[in-house]
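Notes follow once the structure below has been shown.
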Amino acid sequence: MIGRKKGMTRLFSGGAAMAVTLIEAGPCVVTDIRTKDRNGYEAVQLGYEETSKEQRLTRPVRGHFKKKGLPCFRVIREFRMDDPEGNCKVGDRVTVDIFKEGSRVKVTGTSKGCGFTGAMKRWGFRGAPASHGASKVHRKPMSAGATDPARVFKGKRSPGRLGGEKVSVRNLEVVAVDPEKNILAVRGAVPGKRNSLVLIYRG
């Protein structure tokens, strides 16, 4: 399913508090079905967040929805599945009812972007000693290597861009499902900032 991360809260179970992430999942609409004969693979295409501003979509995308007799959606994603023609058809609605409490899911999203970051925050270095004559080297990484190789080895842990990457978190437990509000509560942290787009996979 497609959803948006709404933030974190806590729920109580047996007197113990657990941290959960709330995801507004769906409702999604099946906009197309990919088959092995026609497309070379089997998948179902879902649309999320219906939009009235069709002019913001490209002409091929608008034509795709018009051909299927569907409204325009802001987000389209494909999910691989076996025998999609036998399990669903174009126009079907997919809601949080497909998830059950206690089941496990995988959530994929884009992590928070931190921009250009120092080596201590990016890689967890402890830094240089803060006393005994150390001068202005407390948060600096080690030498970049200017001796025999006369170059920097690939993969060296140096300052650089951090975050803003595709991240998947597996084996998250579904704690609560609210079909009326389309809310899914999963135990643990989900990548991304608030209101960021996430994909939820069963199993």
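The table below gives the values:
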| read-out | value |
| --- | --- |
| Local electrostatic count at ASP83 - Lys and Arg +1, Asp and Glu -1, tallied over other residues with Cβ under 13 Å | 0 |
| Residue-by-residue Karplus 3J(HN,Hα) for the range 83-94, coefficients 6.51, -1.76, 1.60, Hz, glycine and proline x | 6, x, 5, x, 9, 7, 9, 4, x, 5, 9, 10 |
| The chain - mean residue ellipticity at 222 nm from DSSP helices (-39,500 (n - 2.57) per run, n ≥ 4, rounded to 500) | -2500 deg cm²/dmol |
| In order through the range 51-67: 3J(HN,Hα) via Karplus (6.51 cos²θ - 1.76 cosθ + 1.60), integer Hz, x for Gly, Pro | 10, 9, 8, 5, 5, 7, 9, 6, 4, x, 5, 4, x, 4, 5, 5, 5 |
| With every protein chain in place, the chain: carbon and sulfur % of accessible area (1.4 Å) | 49 |
| Backbone N under 13 Å from the ASP178 label point (7 Å along Cα→Cβ), restricted to the range 1-32 | 6-11, 21-25 |
| Heavy atoms of ASP97: accessible area, 1.4 Å probe, square angstrom to 10 | 100 |
| Accessible area per residue in Å² at 1.4 Å probe, computed on the range 81-203 | 71 |
| Kirkwood hydrodynamic radius of the chain, from inverse mean 1/r over distinct Cα pairs, in Å | 20.4 |
| Gyration tensor verdict on the range 42-117 (Cα atoms; rounded if a/c is under 1.5, prolate if a/b is larger than b/c, oblate otherwise) | oblate |
| Interchain or long-range residues, amide H under 5 Å from SER103's placed H | VAL174 |
| Cut-off under 5 Å, modelled amide H: who pairs with GLU50 long-range | ARG74 |
| Of the trypsin sites (Lys or Arg not before Pro) in the range 1-73, those whose Cβ has at most 10 other Cβ within 10 Å and which sit in DSSP loop | LYS53 |
| Test item: Cα-centred dipole of the chain, Lys/Arg +1 and Asp/Glu -1 on Cβ, debye | 1220 |
| Gyration tensor (alpha-carbon) shape descriptor, the range 130-203, a/c threshold 1.5 | prolate |
| C-alpha center-to-center spacing [the range 171-203, the range 32-94] in angstrom | 22 |
| Whole-Hz ³J(HN,Hα) from phi, Karplus 6.51 cos²θ - 1.76 cosθ + 1.60, for the range 181-196, glycine and proline x | 9, 6, 10, 10, 9, 10, 7, x, 9, 10, x, x, 8, 5, 6, 7 |
| CYS88 paired with ASN171, simple spin-label distance in nm, labels 7 Å along Cα-to-beta-carbon | 2.7 |
| Placed amide H near VAL20: partners under 5 Å, 5+ positions off or other chain | THR9, ARG10, LEU11, GLY188 |
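The values are calculated or read from the model by the stated rules, or taken from the named source; none is laboratory data. These figures come from a predicted structure and were not determined experimentally. Glycine gets a Cβ as well: all are built from the backbone with ideal geometry, and neighbour counts include every protein chain shown. The area values use the complete protein model at the heavy-atom level, side chains included, leaving out ligands, DNA and RNA. Shrake-Rupley method; radii C 1.70, N 1.55, O 1.52, S 1.80 Å.
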